[in-house]
Amino acid sequence: MIITLKEICKTYPMGNLNVHALKGITLDISEGEFISVAGPSGSGKTTLLNIIGLIDGFSSGSLTICDQEIKGQNREELARLRRDLLGFVFQSFNLLPVLNVFENVELPLIISKKGNNKSERRDRVNYLLEEVGLKDRWNHVPSELSGGEQQRVAIARALVTKPRIVLADEPSANLDSKNGEIVLGLMKEINKNEKTTFIFSTHDPGIWKMADRIIFLQDGSVKSQQERQ
């Protein structure tokens, strides 16, 4: 298994109360799976992704990613794991406003040192920008882009380092149907060709149809799972 969660709980203090965001989540995720996490708002979808993505900690339980036990890892070790193994697509895009489209997508290659050769970095970035339909916008900064274009830049950035796991929080929320189909098709192709594991938090039926498995959350717990043929 590329990811194993055992009895993961997450509790947030809120005044004198404790809010139980996740309640004993146990899941096994295989390498190369294309998974959708579904459920109503407040069910724990984003919290689950943030824990798998090593952005948030967990209150109890255990998490193993790529044979690495996460409990006990210090901040620097967690940052290295995020850099080396994970790609993210955030709802808020998190693009750097002073960098243009090309530079935003290229940056993870520079940080991760997965693209020391400048021409290889250029080829990888150009390939992804062409695939998401933004090659002619490479020199624009985020403020010059629509929300849908920024989302496509964020998707290209998440894929550029060929991460083993991609976590995507509502990746099609800002895309029209045509561009949604394009980027989902790209992610499915990368999933197939590069064995990348994809985990989506989404309400999009289009992603549900493409998923190998849909995990339904309700009130911080796994309500059911549905394997798709």
- State whether one or more residues within the stretch 130-140 are closer than 28 Å to Ala173 by Cα and of a type in the set (A, V, I, L, M). yes
- Task: State yes or no: is Ser92 at pLDDT below 95, of a type in the set (Ser, Thr, Tyr) and on the phi < 0 side of the Ramachandran plot?
- Result: yes
- For the stretch 183-205, name all the residues that are more than 17 Å from the chain's Cα centre (by Cα) and either surrounded by 13 or more Cβ atoms within 10 Å (Cβ to Cβ) or over 19 Å from Glu130 (Cβ atoms) (or both). Pro205
- Task: State whether one or more residues within the stretch 62-69 are without any contact (Cβ under 8 Å) to a residue 12 or more places away in the chain, over 18 Å from Leu217 (Cα atoms) and of a type in the set (Gly, Ala, Ser).
- Result: no
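The values are calculated or read from the model by the stated rules, or taken from the named source; none is laboratory data. Since this is a predicted model, take the numbers as computed values, not measurements. For neighbour counting, all protein chains shown are included, and Cβ atoms are generated from backbone atoms with ideal geometry for every residue, glycine included.
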